[in-house]
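Visitor: Got a structure for you, questions after.
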Amino acid sequence: MTNNDEKKILFATSSKDKIRRLKLMLGSDSKTTIFSLKDVGLDTAEESVENGSNEIENAEIKAKYYYNLLAVDRKIPVLAQDDGVYTPNLPAKFSPGKDVKATVQKHMGASSQHDVYDYWIMVASQYPNTECNFSWNYALFDGQEFRTYSTTVTTHLDTSRETSEEHILSGAPLGLVAMLEINGNRKYFSDMSAKDYESIGREKLGELVADVG
């Protein structure tokens, strides 16, 4: 361990939005230092082939893959995330599951941030206020074993929020049309505060990264 029991973890992503979300969920007083793929020079490495049967298996594949890419003298536990989006009350073609990019590509012809936003605006316009569940799945690999954690955030699609180019390109366009009730308040996913994130994942994510580093 480093001073003050600080933990070091490589988060297998280059997404600024996912890194920001993880740090918020761990809480401002967390002693876990999060490194991105860019921080350790792996952002240009060939991506892992995630062919698992579900999101947790894909996260495990990704965590082990990047752990093995770390130099022997720079090994630290690797945390990987794989997300899914489920719309249980809609036709199956509108429920991406673990294949969000493929679903957007199929309907929109491309899968840029704008395409993702336009796709969910299309779905929300056809099925206003329908349930849309975010499935967040994490796997931590320390070279010997996996630890996993999953959580689901239930939202409802709503198109009344005014948005901007900056918001669309922020990394989470679905959050601009997904509204949830949290801590007694209704708000868009993209407008969640640090306290909101902590209430969703702090305890369980804290357990996941405990005693590693």
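Visitor: For the chain, set up a Gaussian network in which alpha carbons nearer than 10 Å are linked by springs, and say which option among 37, 169, 22 fluctuates the most.
Guide: Evaluated over the chain, the most mobile residue of the options is 169.
Visitor: Which entry in (i) 0.95; (ii) 1.05; (iii) 0.97 matches Rg/Rh (Cα atoms, Kirkwood Rh) derived from the coordinates of this structure?
Guide: Derived directly from the coordinates: (iii).
Visitor: If you plug each phi of the stretch 157-167 into the Karplus form 6.51 cos²θ - 1.76 cosθ + 1.60 with θ = phi - 60°, what whole-Hz ³J(HN,Hα) values come out, in order, with x for Gly and Pro?
Guide: 6, 8, 9, 7, 6, 6, 10, 9, 4, 4, 5
Visitor: With n ≥ 4 as the cut-off for DSSP H runs, can you work out [θ] at 222 nm for the chain, using -39500 (n - 2.57) per run divided by the number of residues, rounded to the nearest 500?
Guide: -10000 deg cm²/dmol
Visitor: As I understand it, the value is the acute angle between the Cα axis of helix 194-209 and the longest principal axis of the Cα atoms of the chain; what does it come to in degrees, rounded to 10?
Guide: 40 degrees
Visitor: Once amide H atoms are placed 1.01 Å from N in the peptide plane, what residues at a sequence separation of 5 or more from residue 7, or on another chain, have their amide H within under 5 Å of its amide H?
Guide: Long-range HN contacts for residue 7: 32, 33.
Visitor: Rounded to whole Hz and in sequence order, give me ³J(HN,Hα) for the stretch 48-59 from the Karplus expression 6.51 cos²θ - 1.76 cosθ + 1.60, θ = phi - 60°, writing x for Gly and Pro.
Guide: 5, 8, 9, 10, x, 7, 8, 5, 5, 4, 5, 5
Visitor: Right, next: With a cut-off of 8 Å between alpha carbons and a minimum separation of six or more residues, what is the relative contact order of the stretch 3-209 in percent?
Guide: RCO, the stretch 3-209: 21 percent.
Visitor: Moving on to the next point. Suppose we flag GluC sites (Glu not before Pro) only when DSSP calls them loop and at most 12 other Cβ atoms lie within 10 Å. Which is the longest uninterrupted stretch of the chain?
Guide: The answer is 48-144.
Visitor: Search the structure for amide H atoms under 5 Å from the amide H of residue 132, placed 1.01 Å from N in the peptide plane, and list their residues when 5 or more places away or on another chain.
Guide: When sequence neighbours closer than 5 places are left aside, the close amide H contacts are 155, 156, 157.
Every number in this text was worked out from the coordinates using simple rules, so none of it is lab data. Since this is a predicted model, take the numbers as computed values, not measurements. Neighbour counts run over all protein chains shown; Cβ positions are idealised from the backbone, glycine included.
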